[in-house]
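Undergrad: One structure follows; several queries about it will come next.
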Amino acid sequence: MYDEQQRPEQHGPLAGFTVGVTAARRADELGALLQRRGAAVLHAPALRIVQLADDSELLAATKQVIDEVPDVVIATTAIGFRGWVEAADGWGLGEDLLERLRGIELLARGPKVKGAVRAAGLTENWSPESESMAEVLDRLLEEGVEGRRIAIQLHGEPLPGFVEALRAGGAEVLGVPVYRWMPPEDIGPVDRLLDATVSRGLDALTFTSAPAAASLLNRAEERGLLPELLAALNHDVLPACVGPVTSLPLQARGVDTVSPDRFRLGPLVQLLCQELPARARSLPIAGHRVEIRGHAVLVDGVLRPVPPAGMSLLRALSRRPGWVVARAELLRALPGAGRDEHAVETAMARLRTALGAPKLIQTVVKRGYRLALDPAADAKYSDA
């Protein structure tokens, strides 16, 4: 009789997978969404947000908005817009700033930004349905920007092509830097996330901002791990980005990423729910349907957690389904196993116990082990 948590189809779509989270903001929300769908989550904020309430650049930009009233102001993030208004209040400029913003075209990128705008007693003129800065840019260019003064509340990350396109159209662009991204004070979690990625301890790595992606790449380069990180992201660990702008630092390094059609956390998680199970290897073995996931195996729909050593053996066997894999080769697949082939026997015994179906893996005397591939599938994999 199955345990309640192991009955077929009782697990979430991400059960058996480990997902890395690099977000600084809304990391708890993203982690909870992933965990509710069964994923194990490894979180390491690749950046931290530093408010600029005392920053001279923000003060100068605020005075410029008040003294040289722009035609358009673009609010890009809720936390950034609130921070701007709060900083202006601290300088005694809050009312003057709000008065200027009431009389101009105010664009808000997305519903959370609209909430922050309205909480300040203002009303946005327009907000894109897609929450995309690309749609904001398209609207402005269609309206025509020549001779217009446009202020953009920056949110710590670059807006590739956005400012350049406005200036090319004849606009005067003022950036309002409300906060910046900085490296984390404790780099340890980021290093552990990098180690897990290059060792294939993750199945997917998520990014919700371009600076986080750039920061992780920079840290890998500092540690001499950049080639290994890029190899992992290109072949084994799925890089999932909330949107195309977030993907740019990775794509610049030759890494292909996936992104949802709607640039939000919920669709990002739904995308992982589709992508990761589709990438898992499924095989007919000894009359059972076996699906090999990151740190667990589905046997006829029952989720079976497997120790890391066992997963290493199972992956080595599944690369050539039905073929005999020598003990020496399996020993090399075991992390830190040394030279004693007895370690293979011990790990194999634990693997069979974890799978709950010992006949899935056959011992071939004096040769090694093989997956007991169903006869009908033998021909399919005979040339593997």
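Undergrad: If we scan segment 346-354, do we find a residue that is of a type in the set (Lys, Arg) and either within 30 Å of the chain's Cα centre (by Cα) or at pLDDT 95 or above (or both)?
TA: no
Undergrad: Considering only segment 315-333, how many residues are surrounded by 21 or more Cβ atoms within 10 Å (Cβ to Cβ) and free of Cβ contacts under 8 Å to residues at least 40 places away in the same chain?
TA: Qualifying residue count for the region: 1.
Undergrad: A further question on this structure: Return a yes/no flag: does segment 243-258 have any residue that is in contact with a strand residue (DSSP E or B) (Cβ under 6 Å, 6 or more places away or on another chain), part of a loop (DSSP other than H, G, I, E, B) and among the polar types (S, T, N, Q).
TA: Checked against the condition, which is being in contact with a strand residue (DSSP E or B) (Cβ under 6 Å, 6 or more places away or on another chain), part of a loop (DSSP other than H, G, I, E, B) and among the polar types (S, T, N, Q), segment 243-258 yields at least one hit.
Undergrad: Name the pairs: first residue in segment 266-282 and touching a residue at least 60 places away in the same chain (Cβ under 8 Å), second residue crowded, with 17+ Cβ neighbours inside 10 Å and in a helix (DSSP H, G or I), Cβ to Cβ under 8 Å, at least 6 apart or on different chains?
TA: Matching pairs, first to second residue: Gly266/Leu33; Leu268/Leu30; Val269/Leu30; Val269/Leu33; Val269/Leu34; Leu272/Leu34.
Undergrad: While we're looking at this one, here's another question. Going through segment 127-153 one residue at a time, which ones are outside any loop (DSSP other than H, G, I, E, B) and in contact with an Asp or Glu (Cβ under 8 Å, 6 or more places away or on another chain)? Write out each step before concluding.
TA: Let us first name the residues in segment 127-153 that are outside any loop (DSSP other than H, G, I, E, B), namely 133-143, 149-153.
Matches in segment 127-153: Glu135, Arg149, Ile150.
Undergrad: Next up: Among all residue pairs at least 6 apart or on different chains, which show Cβ distances below 9 Å where the first residue, located in segment 65-77, is among the acidic types (Asp, Glu) and crowded, with 24+ Cβ neighbours inside 10 Å and the second is at pLDDT below 95 and part of a strand (DSSP E or B)?
TA: Pairs that qualify, where the first residue is among the acidic types (Asp, Glu) and crowded, with 24+ Cβ neighbours inside 10 Å and the partner is at pLDDT below 95 and part of a strand (DSSP E or B): there are none.
Undergrad: In segment 263-307, what residues are among the charged types (D, E, K, R), closer than 19 Å to Gly20 by Cα and either open to solvent by less than 30 Å² (accessible area, probe 1.4 Å) or not in a helix (DSSP H, G or I) (or both)?
TA: Passing the criteria: Arg264, Arg293.
Undergrad: Kindly provide the set of residues from segment 86-116 that are open to solvent by less than 20 Å² (accessible area, probe 1.4 Å), farther than 22 Å from Arg148 by Cα and either touching a residue at least 24 places away in the same chain (Cβ under 8 Å) or not in a helix (DSSP H, G or I) (or both), ordered by number. Before the answer, list the steps.
TA: Within segment 86-116, the subset open to solvent by less than 20 Å² (accessible area, probe 1.4 Å) is 87-88, 94, 97-98, 101, 106-108, 110, 113, 116.
Narrowing the set further to residues that are farther than 22 Å from Arg148 by Cα leaves 87-88, 94, 110, 113, 116.
Once the filter is applied, which keeps residues that are open to solvent by less than 20 Å² (accessible area, probe 1.4 Å), farther than 22 Å from Arg148 by Cα and either touching a residue at least 24 places away in the same chain (Cβ under 8 Å) or not in a helix (DSSP H, G or I) (or both), segment 86-116 yields Ala87, Ala88, Gly110, Val113, Ala116.
Undergrad: Sticking with this structure for a sec: Tell me yes or no: at least one residue of segment 171-183 is under 27 Å from Ala40 (Cβ atoms), open to solvent by less than 60 Å² (accessible area, probe 1.4 Å) and touching a helix residue (DSSP H, G or I) at 6+ places or on another chain (Cβ under 6 Å).
TA: We begin by selecting, within segment 171-183, every residue under 27 Å from Ala40 (Cβ atoms); these are 181, 183.
Checking which are open to solvent by less than 60 Å² (accessible area, probe 1.4 Å) leaves us with 181.
Subsequent filtering for residues that are touching a helix residue (DSSP H, G or I) at 6+ places or on another chain (Cβ under 6 Å) retains 181.
Checked against the condition, which is being under 27 Å from Ala40 (Cβ atoms), open to solvent by less than 60 Å² (accessible area, probe 1.4 Å) and touching a helix residue (DSSP H, G or I) at 6+ places or on another chain (Cβ under 6 Å), segment 171-183 yields at least one hit.
Undergrad: Which condition breaks for Gln362 when tested against (1) under 24 Å from Gly201 (Cβ atoms); (2) surrounded by 15 or more Cβ atoms within 10 Å (Cβ to Cβ)?
TA: Result: Gln362 passes all but (1).
The values are calculated or read from the model by the stated rules, or taken from the named source; none is laboratory data. From a predicted model like this one, the values you see are computed outputs, not experimental measurements. All Cβ positions, glycine included, derive from the backbone under ideal geometry; neighbour counts span all protein chains shown. Surface areas here come from the heavy atoms of the whole protein model, side chains and all, with no ligands, DNA or RNA. Shrake-Rupley method; radii C 1.70, N 1.55, O 1.52, S 1.80 Å.
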